[in-house]
1. Given R₀ = 45 Å, FRET efficiency for Glu244-Glu108 by Cβ-Cβ distance, to 0.05?
2. Using r as the Cβ-Cβ distance of Arg75 and Ala219, and R0 as 41 Å, what FRET efficiency do you calculate, to the nearest 0.05?
3. Compute the accessible area per residue over segment 214-298, keeping the other protein chains in place, probe 1.4 Å, unit Å².
4. In debye to the nearest 20, how big a dipole does the chain give about its Cα centre with +1 on each Lys and Arg Cβ and -1 on each Asp and Glu Cβ?
5. For the pair Lys4/Tyr174, report the inter-label distance in nm, with labels modelled 7 Å from Cα in the Cβ direction.
6. Test of understanding: in a Gaussian network model of the chain with alpha carbons linked when under 10 Å, which of Gly189, Gly248, Gly85 would top the mean-square fluctuation ranking?
7. Show me, for segment 174-179, the HN-Hα J-couplings you get by feeding each phi into the Karplus relation (A = 6.51, B = -1.76, C = 1.60, θ = phi - 60°), rounded to Hz, glycine and proline as x.
8. Full extension from Ala206 to Glu48: what is 0.36 nm times the residue separation minus their Cα-Cα distance, to one decimal in nm?
Amino acid sequence: MNSKQVVLITGSSTGFGRLFTETLARKGHTVFATMRDPGGRNAKNVSEIRALAEKDSLPIHILEMDVTDDASVGRAVDAAVAKAGRIDVAINNAGYFLSGLEEAVTTEQARHLMDTNFLGPVRVNRAVLPHMRRQRSGVLMHISSGAGRVILPSGGFYCASKFALEALAEAYSYELAAQGIESVILEPGQYETPVFGNTVKAADEARTTTYGAVREIPAKVNAALSSTAGNAQDVADAVLRIIETPAGEKQLRYIVSPQDFGLNEINALSKRVQTSVLEAFGLADDTKFRKGKAVGSV
Ligand SMILES: NC(=O)c1ccc[n+]([C@@H]2O[C@H](COP(=O)([O-])OP(=O)(O)OC[C@H]3O[C@@H](n4cnc5c(N)ncnc54)[C@H](OP(=O)(O)O)[C@@H]3O)[C@@H](O)[C@H]2O)c1
């Protein structure tokens with residue numbers, strides 16, 4: 001594979017996605033920075049990114065993509081492939097935090113969260129995979145969270161969305177390895193981005209008020225997260241290191257966090273258990289990475 005890669009990123013208007021865009025483009029990778037409504041609510045972000053790309057001659061292309069909309073995802077992926085001829089890395093980054101006691105989260109709020117944080121990556125992966133399978137290479141990257149491995153009260157639905165993402169990303173890694181495609185999961189801890197300001201609150205306040213002292217948990221969790229948040233550039237640097245790691249040598253999971261909660265232990269144990277599950281089902285060989293070897297045709 002050419003060492004300069006073609007990378008498609010979701011949710012590139014702010015936060016991690018914006019930093020990934022700049023960080024990867026500065027290293028010469030071609031970035032398709034996708035976002036919702038580039039001509040409207042994100043117009044200011046677009047003009048800032050374009051001005052930077054022009055000033056420093058960075059290979060950044062902005063495309064519209066709403067990850068909750070199949071047609072929008074399809075159009076952006078088609079446009080990227082038409083321009084660059086390939087997609088080497090798809091970074092599933094778009095997402096948001098939903099905070100509040102679980103009983104106070106409405107089904108509509110839960111549905112929208114899953115539609116973005118979980119079904120968003122489903123749509124993107126389904127759109128890019130035929131191209132990666134044709135190329136016989138590629139990386140699906142999933143921006144999960146520490147909360148994709150441990151559970152915070154008042155973050156149950158967010159955790160559920162990231163646990164779901166982790167399960168899907170891991171299953172993809174087993175199924176795609178034989179075709180030279182890697183699926184990786186990045187589990188960031190708490191980092192300073194607009195995520196805290198963009199947090200959606202559980203809507204059914206009447207339920208919350210009946211919980212006594214427990215109703216203070218969401219505020220306590222949010223205060224603890226935002227007061228210990230690290231520098232988001234650390235996450236962008238980790239993404240750069242991962243995508244520049246040679247094919248077949250990447251890990252399934254990476255943790256980058258300002259605080260050590262012991263997540264490495266969970267991941268190490270999970271890896272051992274998963275290895276024995278795959279062996280028990282006679283799947284160890286089928287799920288091994290094979291460079292550039294196509295199985296079946298697209
Ligand atoms: N910051 C942290 O502490 C932290 C820790 C662990 C994991 N994460 C994860 O990191 C990812 C990025 O979050 P962030 O911290 O960078 O926060 P952020 O600045 O709020 O970024 C979230 C991005 O997702 C986009 N987005 C939301 N819904 C979308 C949709 N339907 N279609 C396309 N884009 C959509 C937003 O776009 P708009 O501008 O259009 O709203 C925004 O660009 C999220 O998945 C989050 O769960 C963050």
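The values are calculated or read from the model by the stated rules, or taken from the named source; none is laboratory data. Please read all numbers here as calculations on a predicted model, not as lab measurements. Don't worry about glycine lacking a Cβ; one is built from the backbone with ideal geometry, like all the others, and counts go over all protein chains shown. For the accessible areas, the whole protein counts, side chains as well, though only heavy atoms, and no ligand, DNA or RNA atoms are used. Shrake-Rupley method; radii C 1.70, N 1.55, O 1.52, S 1.80 Å.
1. So, using R0 = 45 Å, E works out to roughly 0.65.
2. 0.55
3. That works out to 64 Å² for each residue.
4. 820
5. 3.9
6. Its mean-square fluctuation being the largest, the pick is Gly85.
7. Per-residue couplings from phi come out as 5, 6, 9, 4, 5, 9 Hz.
8. 52.7 nm
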